[in-house]
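Worksheet: the structure to be examined is printed underneath.
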Amino acid sequence: MKKMLLVIALMMGLFMLSGCACDEDAAGTGDGEFTIALITMDSMDQHWVTLHGGAQRAANAEGVSLSFMAPARKDDALQIEQVNNAVAAGVDAIVVAANGPDAITGALQAAASAGIVIVYVDSPANLAAEATFSTDNRAAGTTAGETMLANLAAAGVTSGSIGVVSVNAATASTVSRDEGFRDAFVGTDFTLLETQFADGDAARSQTYAQNFIVQGVVAMFGANEGSTVGIGNAIMADTGNVLGGGFDTSDAIMDLLNHGHLQFTMAQDPDNMGYMGVRAAVEALRGNSRGGAVVDTGANVITR
């Protein structure tokens, strides 16, 4: 009898383990009404971690399962693989921040053709979707440029060259920030140098920033978290008076800002992007379409 009870107890334990959603965020398991895949550009930037937090909060509130399927680094092929994995897993919706708006389109089209709801957060692809929740990146980039101009004026600098470090030449969000930043300098005596692309990697961004400093720039701008950290670190290691500004509010960026190695950063609202993205996906799955609405989640200038 004792052996029989032991066998039953072991079988029950195995059953509970097999059905346990012990890491629902990563594995996408769970018994919610729907299963939604969140696919960001990577899983390393604090920006995406915060966005995931907002998405998970919405998933919990709506009673759906959320699977965080971000690639380890910014790479079109890796992100496409995650989209294909989500389709193969039979998810009901994909909430995605497109690394390359053209590269990922084919995979997302296949997902949509399979009846999967597509919602964009932060950075859309070139394919119609249920809704998009992102910063008005060109406008925010212009605000960043105007803020840099004000800092330069306060420092008594009226001309000179300015370096820009970004992610790549395809990511819609950062390309728009770069364009908006440059818009602010039209008609001034400042020269904007050719943008250097570091795929969001802070170490590579720092190398490019150090090269800009050698060229004698008066200021530098980073178009995303990794770019901004790299610029700030390069300025910290330099003994000159180069000004720096960028995007996002990770712990590293805030530390550089508070120590005066950056003059400002543009704070987005990734938590709200994730929250609203999942809510929109769930609403669509329940029959309440957003009809392709584009929602500006805002950006603010953060200074020391």
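The values are calculated or read from the model by the stated rules, or taken from the named source; none is laboratory data. Values in this document were obtained by computation on a predicted structure and should not be read as measured data. So basically every Cβ, Gly included, is an ideal-geometry build from the backbone, and we count neighbours across all protein chains shown. Remember, those area values only see protein heavy atoms, side chains included, never the ligands or the DNA or RNA. Shrake-Rupley method; radii C 1.70, N 1.55, O 1.52, S 1.80 Å.
Worth pointing out:
- Residue list for segment 218-232, filter: over 12 Å from Val167 (Cα atoms) and either open to solvent by 10 Å² or more (accessible area, probe 1.4 Å) or of a type in the set (Ser, Thr, Tyr) (or both): Val218, Val229
- Qualifying positions in segment 104-124 - open to solvent by less than 10 Å² (accessible area, probe 1.4 Å) and either in contact with a Lys or Arg (Cβ under 6 Å, 6 or more places away or on another chain) or assigned to a loop (DSSP other than H, G, I, E, B) (or both): Ile104, Asp122, Ser123
- When residues of segment 243-259 are limited to those that are open to solvent by 20 Å² or more (accessible area, probe 1.4 Å) and among the aliphatic types (A, V, I, L, M), the one farthest from Gly200 (Cα to Cα): Leu243
- Only a single item in (1) out of contact with any strand residue (DSSP E or B) (no Cβ under 9 Å at 6 or more places or on another chain); (2) assigned to a helix (DSSP H, G or I) is not met by Pro101, and it is number (2).
- If the condition is being open to solvent by 40 Å² or more (accessible area, probe 1.4 Å) and in contact (Cβ under 8 Å) with a residue 12 or more places away in the chain, then segment 83-103 contributes Asn84, Asn85, Val87, Ala89, Gly90, Asp92, Asp102, Ala103.
- Total residues in segment 28-76, condition on the phi > 0 side of the Ramachandran plot and part of a strand (DSSP E or B): 0
- Conditions (1) modelled with pLDDT under 95; (2) surrounded by fewer than 19 Cβ atoms within 10 Å (Cβ to Cβ); (3) within 30 Å of Tyr275 (Cα to Cα): number failed by Glu179: (1)
- Taken residue by residue, segment 266-289 has at least one member that is modelled with pLDDT of 95 or more, crowded, with 22+ Cβ neighbours inside 10 Å, over 30 Å from Gly32 (Cα atoms) and of a type in the set (A, V, I, L, M, F, W, C).
- Search result, residues across segment 34-47 that are surrounded by fewer than 24 Cβ atoms within 10 Å (Cβ to Cβ) and under 19 Å from Ala86 (Cα atoms): Phe34, Thr35, Asp42, Ser43
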